[in-house]
Amino acid sequence: MIVPQLFDPRSIVVVGGSNDITKPGGKILKNIINGNYKERLLVVNLKETEVQGIPSYRNIEDLPEVDLAIIAIAAKYVPDTVDFLTKNKSTSAFIVISAGFSEESEEGKMLEERLVKTVNDVNGTLIGPNCTGILTPSHHSIFTEPIPKLDSQGSILVSGSGATACFIMEAGIPKGLSFSNVISVGNSAQIGVEEVVKHIDETFNPKTSSRILLLYIEHIDKPKMLLKHATSLIRKGCKIAAVKAGSSEAGSRAASSHTGALASSDVAIETLFEKAGIVRCHGREELITVASIFSYKELSGKNIAVITHAGGPAVMLTDSLAKGGLNVPEIKGDEAKELKELLFPGASVSNPIDFLATGTAEQLGLIIDFVDQKCDVIDAMVVIFGTPGLQKIFDVYEILHKKMREAKKPIFPVLPSLTTAREEIETFIAQGGVYFPDEVLLGKALSKVFYTSKPSVEQIEFPAINKKVIRQVIQRSENGYLSPENVRILLDAAGIPRVKEAIATTVEQAVVAAEMLSYPVAMKVVGPIHKSDVGGVAIHIKNSGEVTNEFNRMSQIPDTSAILLQPMLPGTELFAGAKFEPHFGHLILCGLGGVFIEVLKDVKASTSPVSKEEAFSMIKGLKGYEVIRGVRGKEGINEKLFAEIIWRLSALVETAPEIVEMDMNPLIGTEDQIIAVDARINVQK
């Protein structure tokens, strides 16, 4: 819980405040003073009676009651200080700048745990420890720079790293990006990024709150909280972009199924962001570029007009947009003829619209008006305009800024002349403009923003499944892989179609079963987990002699207890599975089988619960989706049935959360049916 005293305190004390502004305690006090904090400001310093002109107490016991305490003293003294303030000075909000806690040692971790307990006991709020502080319109309780001029409609920046927050501001402010609040959570001992997002959601005011939220996250401990409140904010009209650092792994962790190998913590993060509608970024510059895009009108379609006086950047931007799935459609016919008459001879209007190095501010205005009002096929414009330094171009940027305010369609300005047109760009920013220095970064980010999914549905309806039978199987099973019989029972209870099969423990039983199922058949060992790896799979068995030979061979494979027989089914191999990921819950995955999963790793994932609409979206997001639709005369696969199996798989793991890994590989699909041929289920209670 975040108490009001954190963001709007009636009084602040800086414990460890100093006259030395090269120290955190001194710099944070200076920033609060320079930020014109309007309420009561106090200092605790063991040696001073006044610090930077602020009354200082040598003894903490002499303090009056205080709302917010900023702590900048040695870690070993922090828990006792916080304990005293909570019990004697009614303090409920704390920002602990001090380092030396869980990030450093086991002893520090114990100090941190004690600190959290003390604050929790009074239902208070703790930011940090080991943080740089927070920057709000009320108080600048942060010891780092830059300190931007805050704008209520600027971006809210929430960061797990104080240094990264600084670097984001350092790079964003010169491009015109503004900020309304900056919150560094440090070790996130009590309040992490998730809790801050929750607070922003619960206090959101549609008339006054910022609608841009930027996140730098190092740890996601409460993904369900983040999903719930990020989704809620986006539905309220907010736009959220996030960098999740620390997502790489040395390699796929050891797993006994395709799902286990493919479902990593990074996949969980990707699916969480997709489900919420968060734009995922992979670095500071991309985050800043996306935030800058958020500052403009929303892109409603994928057709872009590129307006420029320089050919090279226009070509690179066009390539970047195309690679991201956006279009730069040709302008032709009467439209092209009319537009060309407005420009100098030699200008190109086919799109990119190149009005030459000699083009004027007036011509730029005419082009923008024409595209905005007469080119129905165009959804947005990118204007690239720099200068060789022959003359000042204030008039160009002035008309650009004016048209950006007036146009119905969004206009994204690429201003590459950072040195030569520095004065003009500074004037552009002073008027409220936000610009992009690089056209390729803009193209990539624009595509990413456009194709980021909308938040998933709030209420998910599940299909009717036999929950009683599912629970009975789970309760009577031991940890580990379920027997083929119990797997069949669970698939039937979940309503997932499965292939006919028979189990044989003798050659005679195998021959009878094969004839009953009809040749050709497949034979698989029962017992070994990785059947293919031990030679425990034989397919296209055509007669009783082959059945006998394969049975005798497979029976010699270690750990084999029986042989499973199934009819060979025509169709395309598909894959669906589930994997429990700590903190995140179950991931549901789907894809094409065979080479698509073995080599190309072509899978889509979502966190459970998965709606039927999400299941369709997962299928359509596969790189091999054209195979599912049908390609080169080959019949497609029934998407509706595939989506229903994914939907039912999610319902199954919601009913049986003890399932830690589940593979249906392959499913065999045609236009008429999709049937599970092989399935494995691993249970851990």
Would you confirm whether or not the stretch 57-73 contains a residue that is surrounded by fewer than 23 Cβ atoms within 10 Å (Cβ to Cβ), of a type in the set (Phe, Trp, Tyr) and either within 30 Å of residue 156 (Cα to Cα) or not assigned by TED's automatic domain parsing to the domain that holds residue 120 (or both)? no
Do we have any residue at all in the stretch 267-275 that's part of a helix (DSSP H, G or I) and in contact with an Asp or Glu (Cβ under 6 Å, 6 or more places away or on another chain)? yes
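Filter the stretch 597-620 down to the residues that are among the basic types (Lys, Arg) and closer than 20 Å to residue 581 by Cα and list them by number.
601, 604
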Any idea which of 47, 38, 109 is part of a helix (DSSP H, G or I) and either under 20 Å from residue 145 (Cβ atoms) or not aliphatic (A, V, I, L, M) (or both)? 109
From (1) within 28 Å of residue 114 (Cβ to Cβ); (2) not in a loop (DSSP other than H, G, I, E, B), pick out the condition that doesn't hold for residue 130. (2)
Sole residue being of a type in the set (D, E, K, R), over 27 Å from residue 42 (Cβ atoms) and not assigned by TED's automatic domain parsing to the domain that holds residue 438, chosen from 112, 145, 170: 170
Every residue from the stretch 504-537 that is within 42 Å of the chain's Cα centre (by Cα) and on the phi < 0 side of the Ramachandran plot: 524, 525, 526, 528, 529, 530, 531, 532, 533, 534, 536, 537
Among the listed residues 183, 173, which satisfies the condition of being buried (at least 23 other Cβ atoms within 10 Å of the Cβ), among the hydrophobic types (A, V, I, L, M, F, W, C) and at pLDDT 95 or above? 183
Any residue in the stretch 417-424 that is assigned to a helix (DSSP H, G or I), over 32 Å from the mean Cα position of the chain (by Cα) and surrounded by 14 or more Cβ atoms within 10 Å (Cβ to Cβ)? yes
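Scan the stretch 186-207 residue by residue and report those that are part of a loop (DSSP other than H, G, I, E, B) and touching a helix residue (DSSP H, G or I) at 6+ places or on another chain (Cβ under 6 Å).
189, 190
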If I filter the stretch 4-22 for residues that are assigned by TED's automatic domain parsing to the domain that holds residue 158, in contact with a Pro (Cβ under 7 Å, 6 or more places away or on another chain) and not in a loop (DSSP other than H, G, I, E, B), do I get at least one hit? no
Any chance residue 87 is among the charged types (D, E, K, R), under 17 Å from residue 24 (Cβ atoms) and either modelled with pLDDT of 95 or more or not assigned by TED's automatic domain parsing to the domain that holds residue 177 (or both): no
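The values are calculated or read from the model by the stated rules, or taken from the named source; none is laboratory data. Nothing here was measured: the structure is a model prediction, and the numbers come from that model. Neighbour counts are summed over all protein chains in view; Cβ atoms, including those assigned to glycine, are modelled from backbone coordinates with ideal geometry.
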